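Notes for the one structure printed next.
The values are calculated or read from the model by the stated rules, or taken from the named source; none is laboratory data. Every value quoted in this text rests on a predicted model; they were computed, and no experiment measured them. Cβ: placed from backbone, ideal geometry, glycine included. Neighbour counts: every protein chain shown. Areas reflect the complete protein model, heavy atoms only, side chains present, ligands, DNA and RNA absent. Shrake-Rupley method; radii C 1.70, N 1.55, O 1.52, S 1.80 Å.
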Amino acid sequence: MAETTFNLPFPALTPEQRYHLDVFGYVVVPNTLTADEVGVLREALQKLKGDLIATEDPLNTRVRGARFATYKPHHVFIGSILEADPAITAYATHPRLVGMAEELIGGEARIVEVNAHINSRDTSTPILQEPTYGFHRGTDIPYGSHMQAGLYHCSFVKTLTNLTDLGPDDGGTVVIAGSHKIDTPVSEIVACAYKDRSLIHQVVAPPGSTLLFSETLIHATGQVRSDCERVIIICGYATTMFQYWDGGTLSEEFKKSIPEKLKRLFYGYAHWTRGPKYRKLSDPADERPFALGRWYNR
Ligand SMILES: O=C(O)CCC(=O)C(=O)O
């Protein structure tokens, strides 16, 4: 029988990281990438940005499958980047990150979107002490969530890794803590958070840190107030019965290079087998080291 999975850590989080994830809907895990790996990914994204800009019609052209979803002087959002560079494919298939996603999903994962933001201060708008944000969630709580062994799970999750240092003024992702469990309209929760800003948590972390969060958590891009550019890479994972949804299609050549044991991660399954995976809070983390490595050699 064909192998349908590869070597993944489980549980991928320590009990205290898992507890943080349950209480707040997110956890920031430092050092998921080394400084060298951060450099390789940052370079790949900057090259991709440059190659897109160099085309005749940057907003309507794909380069190695990738496209600009936002193309502004202070912000590019590059979508469908899964096959744009081997380092990016390695990020999406990184065993530690896939393991973290599966732990939150509560079952086997498939990739549903891969993208990146490169943004800096928007000099056309004033810096506000109390800014508003583009708060949103990617799935609703009753449909997206379930509990098992007292722990929270979500069918759609993200790993968002910062490739530049994020100090308090550098525009790290903002989230409304605990909103992954509050099933009221988003606007009501956002109104509470603007009244009590301690409910808004912002990612402040060294490069190579990964924000793992459930898409039921209300979140947004933070406000860059410094002169530093922010570069982040994001992979969305979902339970294997969900669809790929970021508008990308993989080339035939790339598809041929996907090893059998990674097919589940790239394509999911065409049926409702979901490979349940659950931990107890007290289970120790599988702390084996995993490198970015070469994705086709997993
Ligand atoms: O830019 C960010 O930090 C947040 C990205 C985001 O909102 C998303 O991936 O849904």
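Here are some notes:
- Computed lengthening from C228 to K195, 0.36 nm per intervening residue step minus Cα-Cα distance: 9.0 nm
- Accessible surface of the chain, 1.4 Å probe, proportion on carbon and sulfur as whole %: 55
- K280 accessible area, assembled protein chains, probe 1.4 Å, Å²: 120
- Taking a ≥ b ≥ c as the square roots of the eigenvalues of the Cα gyration tensor, an a/c ratio of 1.5 or more together with a/b no larger than b/c marks region 165-236 as oblate.
- Computed over region 165-298, relative contact order equals 28 percent, with contacts defined as Cα pairs under 8 Å that lie 6+ residues apart.
- In this structure region 149-291 gives 44 Å² per residue of accessible area when probed at 1.4 Å with all protein chains present.
- Interchain or long-range residues, amide H under 5 Å from F156's placed H: E215
- Of the residues M241, M100, M147, the one with the largest accessible area comes first in the ranking M147, M241, M100, computed with a 1.4 Å probe on protein heavy atoms.
- For the chain: relative contact order, % (alpha-carbon pairs under 8 angstrom, 6 or more apart): 31
- Prolate/oblate/rounded call for region 15-242, Cα gyration tensor, a/c under 1.5 rounded: oblate
- The charge dipole of the chain, taken about its Cα centre with unit charges on the Cβ of Lys, Arg, Asp and Glu (plus for the first two, minus for the last two), comes to roughly 500 debye.
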